[in-house]
Each structure stands twice: as C-alpha cells, then as structure tokens.
Amino acid sequence: MTLRNSPETFEILLVEDNPGDARLAQEALKEGRMASRLKVVVDGVEAMTYLRREGSFGDAPRPHLVLLDLNLPRKDGRQVLAEMKADPELRRIPVVVLTTSQAEQDVGRSYDLHANCYITKPVDLDRFISVVRSIEEYWCSVVTLPPR
C-alpha cells in the first residue's frame with residue numbers, strides 16, 4: 001500500500017513517555033504537509049493494548065507506522081518491538097525506534113528485533129522537529145507500505 005495517491009489519513013502511533021517530546025512530535029506533524037494523524041501512548045503496556053485494539057482502544061485505527069521509544073515504564077520498547085514482530089497481525093507495521101540511546105547494544109538489539117530503522121533523538125529543538133517531519137515524509141510519501 002502506498003499513501004502517495006490515497007485519500008486515507010496516515011496513522012502514526014507514538015510510544016513516548018516524555019510529554020515534551022510527544023508535544024514536539026505533535027507540533028511537527030501538525031505543521032507538516034502530509035495528512036497524518038498521531039496517537040500518543042505513554043508506555044509499552046498501553047502500546048500493546050492499543051495495537052491489539054483491546055479495552056478502550058477497541059475501535060483504534062491500525063497505525064501505518066509506530067515511532068517507538070526504548071526507555072519506557074511498565075514494558076520497555078524492546079519488549080514492545082519483540083511482541084509486535086512475533087505477532088502475525090502486527091509484524092508488518094513498520095517500527096522506527098526514536099530514542100535518546102546511542103548505545104551500540106540498543107542499536108544492534110533493535111535491528112535484531114526487526115526494527116525498520118533506528119534514530120537517536122536530536123537534543124536540538126529545531127533538529128528534532130526536522131527529524132520527525134523527515135520520518136513522516138519518508139514513510140508517508142516515499143515508501144510503499146504492505147497491505148493492511
């Protein structure tokens with residue numbers, strides 16, 4: 001599936017426990033050129049509940065893309081990534097790891113768990129916004145996504 005010529009809204013799930021980073025991502029996407037909608041969840045347990053459409057997320061749209069922080073409360077991003085890629089219903093959803101960690105072990109482990117890419121969050125505000133917009137542009141208008 002590609003959204004380049006589709007009227008469908010590009011659904012993004014951001015799994016982020018830092019309210020400041022979540023707010024910046026929302027602002028970056030709101031001012032972007034793409035028709036995307038961002039849903040934010042604050043920990044790994046909530047992420048899996050959302051992705052599996054359980055509880056209050058029973059009617060949640062299936063995201064086209066997940067932006068995943070690694071250092072999360074209750075269930076960390078590595079566990080979320082492993083569960084997603086082990087689940088036949090979720091494994092095709094692209095996952096961009098967007099985290100502060102630059103540790104080689106985190107990078108390697110994320111790719112071992114089949115992350116689609118790994119991005120270290122820039123500390124500079126303008127650069128962070130630019131990175132989020134670049135992610136949206138790439139995944140929404142360049143990549144052909146799998147059927148849902």
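The values are calculated or read from the model by the stated rules, or taken from the named source; none is laboratory data. Predicted, not measured: the structure shown is a model, and the values here were computed from it. Ideal geometry is used to build each Cβ from the backbone, glycine not excepted, and the neighbour counts take in all protein chains shown.
Among residues of the stretch 77-90 that are touching a residue at least 40 places away in the same chain (Cβ under 8 Å) and under 16 Å from residue 41 (Cα atoms), those with a Cβ under 6 angstrom from a residue that is part of a helix (DSSP H, G or I) and not hydroxyl-bearing (Ser, Thr, Tyr), sequence gap 6+ or separate chain, pair up as 80/44; 80/47.
A quick yes/no check of all residues on (1) under 15 Å from the mean Cα position of the chain (by Cα); (2) under 16 Å from residue 94 (Cβ atoms); (3) surrounded by 13 or more Cβ atoms within 10 Å (Cβ to Cβ); (4) not charged (D, E, K, R):
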site	(1), (2), (3), (4)
109	no, no, yes, no
118	yes, yes, yes, yes
124	no, no, no, no
127	no, no, no, no
138	yes, yes, yes, yes
142	no, yes, no, yes
145	yes, yes, yes, yes
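For the stretch 49-61, which residues satisfy the criterion of being touching a residue at least 12 places away in the same chain (Cβ under 8 Å) and in contact with a helix residue (DSSP H, G or I) (Cβ under 8 Å, 6 or more places away or on another chain)? Scanning the stretch 49-61 gives 50, 51, 60. Among the residues making up the stretch 37-67, those that are more than 13 Å from the chain's Cα centre (by Cα) and among the hydroxyl-bearing types (Ser, Thr, Tyr) are 49, 56. Between 29, 51, 67, the distinction of being on the phi < 0 side of the Ramachandran plot and modelled with pLDDT under 90 belongs to 29 only.
Would you point out which residue out of 109, 127, 91, 133 is out of contact with any strand residue (DSSP E or B) (no Cβ under 9 Å at 6 or more places or on another chain) and under 15 Å from residue 63 (Cβ atoms)?
Step by step, each of 109, 127, 91, 133 is checked, and only 91 is out of contact with any strand residue (DSSP E or B) (no Cβ under 9 Å at 6 or more places or on another chain) and under 15 Å from residue 63 (Cβ atoms).
In the stretch 114-129, the residues that are on the phi > 0 side of the Ramachandran plot form Cβ pairs under 8 Å with partners that are part of a loop (DSSP other than H, G, I, E, B) and basic (Lys, Arg), at six or more places apart or across chains, as follows: 114/91. Every condition in (1) touching a residue at least 40 places away in the same chain (Cβ under 8 Å); (2) under 22 Å from residue 137 (Cα atoms); (3) over 13 Å from the mean Cα position of the chain (by Cα) holds for residue 29 except the one numbered (3). Can you report the number of residues in the stretch 43-101 which are buried (at least 16 other Cβ atoms within 10 Å of the Cβ) and among the polar types (S, T, N, Q)? Of the residues in that region, 4 qualify.
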